[in-house]
1. Scan B:93, B:97, B:106 and give me the residue that is more than 11 Å from every other protein chain (Cβ to nearest Cβ) and touching a residue at least 12 places away in the same chain (Cβ under 8 Å).
2. When the range A:112-134 is examined, which residues are found to be closer than 19 Å to residue A:179 by Cα and touching a residue at least 24 places away in the same chain (Cβ under 8 Å)?
3. For residue B:67, only one of the following conditions fails: (1) assigned to a loop (DSSP other than H, G, I, E, B); (2) at the interface with another protein chain (Cβ under 10 Å from one of its Cβ atoms); (3) touching a residue at least 40 places away in the same chain (Cβ under 8 Å). What is its number?
4. Residue check, residue A:27 against (1) within 13 Å of chain B (Cβ to nearest Cβ); (2) touching a residue at least 24 places away in the same chain (Cβ under 8 Å); (3) farther than 30 Å from residue A:131 by Cα, all met but one. Which one?
5. Looking at the range A:116-144, which of its residues are within 11 Å of another protein chain (Cβ to nearest Cβ) and modelled with pLDDT of 95 or more?
6. What are the residues in the range B:173-196 that are under 19 Å from the mean Cα position of the chain (by Cα) and free of Cβ contacts under 8 Å to residues at least 24 places away in the same chain, if any?
7. For the range A:184-206, which positions are surrounded by fewer than 18 Cβ atoms within 10 Å (Cβ to Cβ) and in a helix (DSSP H, G or I)?
8. Give just the number: which of (1) closer than 19 Å to residue B:70 by Cβ; (2) part of a loop (DSSP other than H, G, I, E, B) does residue B:151 not satisfy?
């Protein structure tokens with residue numbers, strides 16, 4: 001068994017964060033693509049609480065939850081830092097990473113649910129976008145100081161996936177009229193070296209995958 | 001201005017976690033009780049995103065979110081460690097702390113909402129209790145290794161407050177028949193040195209406060 005294994009979904013922003021961190025650190029790893037309809041016994045045993053990807057297995061020990069894994073990778077492997085050195089900057093990075101992760105359910109519901117549940121989720125996502133739009137005023141490009149790190153990696157959900165979700169579902173919440181700072185940040189985010197170097201799956205493939213999911217749920 | 005200030009609610013498990021950590025570390029601090037109906041401008045300016053307690057202000061810089069504050073305190077001040085030293089144990093502590101915090105909304109809804117929203121929340125809380133009951137089998141008393149730390153402090157919500165919420169609302173989810181391991185853990189938790197030494201507010205005062213809240217919401 002490889003020293004470092006990753007169980008993931010190719011289309012998941014959370015799996016992608018972990019791959020990103022491993023690549024930044026230059027850690028060799030063995031990736032296993034899980035099947036969401038038929039999860040492996042290794043996944044179920046490794047994450048018995050949530051039964052979800054990503055799971056990092058290092059020396060046979062499983063670590064779950066993408067942000068927890070990112071902290072673990074930063075503390076365990078040599079290479080460029082994912083968290084800042086200064087404790088206050090670290091706190092800011094953790095604050096923003098948590099802020100983004102706390103909105104995941106709302107983001108997903110916005111695109112996959114209907115009715116009142118969807119409307120509530122839309123409100124929550126718009127509140128999140130307002131906060132981010134304010135955060136990115138004055139041409140701010142990174143969450144903390146000058147180094148791309150934990151919070152910027154956690155932002156892949158809103159920087160990359162949110163646009164795909166919108167296109168796949170037709171539910172458009174982000175417009176440059178309403179959230180101009182956010183959109184300016186996003187344009188630069190998608191094109192910055194750190195994102196380009198560790199590119200997520202091809203956008204057209206992601207889009208096709210999420211379009212199929214939206215259609216499958218709509219036809220239920 | 002004191003070097004370390006804490007803005008909190010005396011009845012909040014999240015404020016209590018931060019006080020707890022400061023006391024463990026032996027940090028002197030100035031505590032300010034906030035009014036939830038009339039939050040101070042210092043609170044609103046210090047936590048513009050959530051406008052919530054607790055906020056720790058250290059050398060004039062605000063830190064928000066109780067678990068983020070706990071990590072900051074651990075990294076900033078001398079004294080007994082709040083997180084374990086070993087990266088894998090740290091990951092476990094963070095995993096459980098996140099697990100507990102992810103259930104906060106459900107716990108609160110269980111006691112303060114009605115109808116379908118309450119029923120869904122009850123289901124989620126029972127799922128959480130099942131996980132914890134399994135975790136505490138074989139007489140396990142702490143989340144990670146032998147040291148009381150981050151996850152055990154995050155567990156004040158279920159170890160102390162949940163029982164008060166139940167009594168205040170009459171909504172009883174925890175019974176020793178259904179969750180015997182959890183109850184055994186809780187009995188020991190409430191009486192262990194680390195909890196007793198840094199006692200939360202008096203239980204009867206907490207209970208009176210939450211009873212009044214439940215009644216105020218019911219009469220709306």
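The values are calculated or read from the model by the stated rules, or taken from the named source; none is laboratory data. All figures in this text were calculated on a predicted structure; none of them were measured in a lab. Please note: Cβ atoms are built from the backbone with ideal geometry, for glycine as well, and neighbour counts cover all protein chains shown.
1. Values: B:93 fails: more than 11 Å from every other protein chain (Cβ to nearest Cβ); B:97 fails: more than 11 Å from every other protein chain (Cβ to nearest Cβ).
Criteria check complete, one pass: B:106.
2. Within the range A:112-134, A:122, A:125, A:126, A:128, A:129, A:130, A:131, A:132, A:133, A:134 meet the criteria.
3. (1)
4. (1)
5. Of the range A:116-144, the ones within 11 Å of another protein chain (Cβ to nearest Cβ) are A:116-117, A:120, A:127-128, A:130-132, A:134-135.
Those that are within 11 Å of another protein chain (Cβ to nearest Cβ) and modelled with pLDDT of 95 or more: A:127, A:128, A:130, A:131, A:132, A:134, A:135.
6. Within the range B:173-196, B:183, B:187, B:191, B:193, B:196 qualify.
7. Initially, the range A:184-206 is screened for residues surrounded by fewer than 18 Cβ atoms within 10 Å (Cβ to Cβ), giving A:184, A:187-188, A:190-194, A:196-199, A:201-205.
A:184, A:187, A:188, A:190, A:191, A:193, A:194, A:196, A:197, A:203, A:204, A:205, listed by residue number.
8. That leaves (2) as the condition not met.
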